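Heads up, the thing below is written out as structure tokens.
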Ligand code: TTP
Ligand code: CA
Ligand code: CA
């Protein structure tokens, strides 16, 4: 048991003539349950995780017998495998063809996809052959996830529930308050005030000596007599919590047909380990007395947050991956990982975790993405995908209550990956009018056009659109605050997104308002420039449409988009904290490229940027940039200088105040003197690697 000393020396009441043995818990600790205190040792936390989630969604949707082996397919890989299929040795790392060899009767259901040009996702029979023209939709699973969350909440008393959605198929529940209520009902002796009204007095011992754990898997204590002896209130609390979890799981099964596994313990870390301990359709209780034994047997890399880099670092630093051996390291040694990290690790491997169950289950951002194999090569192709992304995101926004203005995103982001470089463009969403799919699409198109006019957009390997900064109940008000990005937000947009090249070095920072966009000045004379023309037209159309919106409104103009480039980061990375857990695995890459099962339910790590293999290229020397650039780009490059000069002239014209632009927010001025306004990638220090990247289009 965890603290034999505490049990052996159960406090005795000094005043009691009969020296009644007392609990080792106080009245104060008992009553702290009511307020969800994170420090009371009587805390009761549960974690529930759906078994083979996507696979169950498909069996339920299709009415398939759940004892039949079934796997969910994504392109040629498997992303979820039900338990009957796992019995054949199937796992996430094998292909659909290999799976069929192992289990010829396997039912394989491909995930739903959006077909290029379609208005809505659907289940397409031949989807797996269309990786180039379809995009995965996780909507069906999100919808089920939402139903499950609702069902769980309905199974708990309205006034005593605290539920946190931890990922698409997991929730944490803080059952402390409900357990407190049940405890006082069942054991009226706890209702009275503490002796002498002193909350630090110890409680009487529980009258029960045998607790009924039903069919729950009880984690052993590792000692022969520790199992049943001397139950105290912490055990009673977990028995009650376990009853609640059993009821919740039964309700989910009854109402929706899904089985799930549960973990019950005194904190989130332990509860999560508990739900994964015995699967499927079981629940595991980790009593306080069993914590040390349970953790000691475990690899610490299985613990929440230690599944990735940090865990690896600890393994190599201390030469072990077991909790037992790490327990021998004194705090000072663990602090070699950093003071805070060391302290956190020190308590974590001792079973301590005071993090609270956070009922904020609302989404902060939404992402729709597609990896292209083969890569795409034109603005037009990109736009076709943006149409799908916009439809995808908009339909999810509708479900978030955006139409009723319950919630609303404030920014739209486009991430574009070409070679090793990811470029991001962000734009505020005008707040003064209802959000529409067309508006999202138009903004997305405009952001892509901005990337394209830089002349180094293709081939593109990955494109994604996200909306973020969701806020509650924004009024449909046309005031200035609605239209402009708030100070803080603008600051974040400027600071957060630095121009960076794959080397991690800052590139020449360039920021421009639309008016300064160079492609506005290209002529339509060259066939090679059709792409630019399309992008330019999009920019122009967007400019005109936003002009219409703000004109006639005295207060303002939509602030110009902030232009930024982020190297070496994936979309999931650039917005890391902001992505809700729903965005997990939604990057539409083949499952084999995704992170294998993680214990912490965090975002998959950014995919390593592919290495650039570049043939030697013929170059020319540009004296204005003092750089060698690919010969094939010479015409375009000369145009660039021409456009830059022209735009500078025009801007100088515009700076003179006129009755129409005086007093308005003006686009962020472009730095474009000859010295500073160099073409992309032609800066002196950047030229080696960048020229290749920027002008990577072959011929
Ligand atoms: P998990 O909860 O990790 O796994 P699971 O529910 O399939 O199986 P288990 O019974 O062991 O809990 O993931 C939930 C869903 O997330 C899973 O059904 C499919 C999806 N997913 C992926 O698409 N890719 C992945 O790499 C992982 C780990 C999950
Ligand atoms: Ca699961
Ligand atoms: Ca899970």
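Given R₀ = 25 Å, FRET efficiency for residue 185-residue 247 by Cβ-Cβ distance, to 0.05? The formula returns an efficiency of 0.95 here. Averaged over residues, the count of other Cβ atoms within 10 Å places the peptides 399-411, 330-342 in the sequence 399-411, 330-342, highest first.
Using packing as a proxy for protection, rank 530-536, 196-202, 289-295 so that the peptide with the highest average count of other Cβ atoms within 10 Å comes first. Don't skip to the end; give the middle numbers.
Details: 530-536: 20.9, 196-202: 12.6, 289-295: 22.6.
The peptides rank, most packed first, as 289-295, 530-536, 196-202.
In this calculation the C-beta distance from residue 212 to residue 398 is compared with R0 = 60 Å, giving a FRET efficiency of 0.80. As a rough guide to protection, the peptides 169-181, 272-284 ranked by mean Cβ packing within 10 Å, highest first, stand as 169-181, 272-284. Note on residue 126 and residue 380: their simple-model spin labels are 2.4 nm apart, each label 7 Å out from Cα toward Cβ. Could you tell me whether segment 365-472 comes out rounded, prolate or oblate from its Cα gyration tensor? Rule is a ≥ b ≥ c as square roots of the eigenvalues, rounded for a/c under 1.5, then prolate if a/b exceeds b/c, otherwise oblate. The shape class here is prolate.
Could you give the length gained on full extension between residue 34 and residue 200, defined as 0.36 nm per residue of separation minus the Cα-Cα distance, in nm? Result for the pair: 58.1 nm of gain on full extension.
Between residue 67 and residue 88, the modelled label-to-label distance comes to 1.7 nm, taking each label 7 Å out from Cα in the direction of the beta carbon.
Modelled label positions at residue 471 and residue 540, each set 7 Å beyond Cα in the direction of Cβ, lie 3.5 nm from each other. The stretch between residue 407 and residue 341 holds 20.2 nm of extra length on full extension. This uses 0.36 nm per residue minus the Cα-Cα distance.
Every number here is computed from the coordinates shown, using simple stated rules; none is lab data. Model, not experiment: these values are computed from the prediction. All Cβ positions, glycine included, derive from the backbone under ideal geometry; neighbour counts span all protein chains shown.
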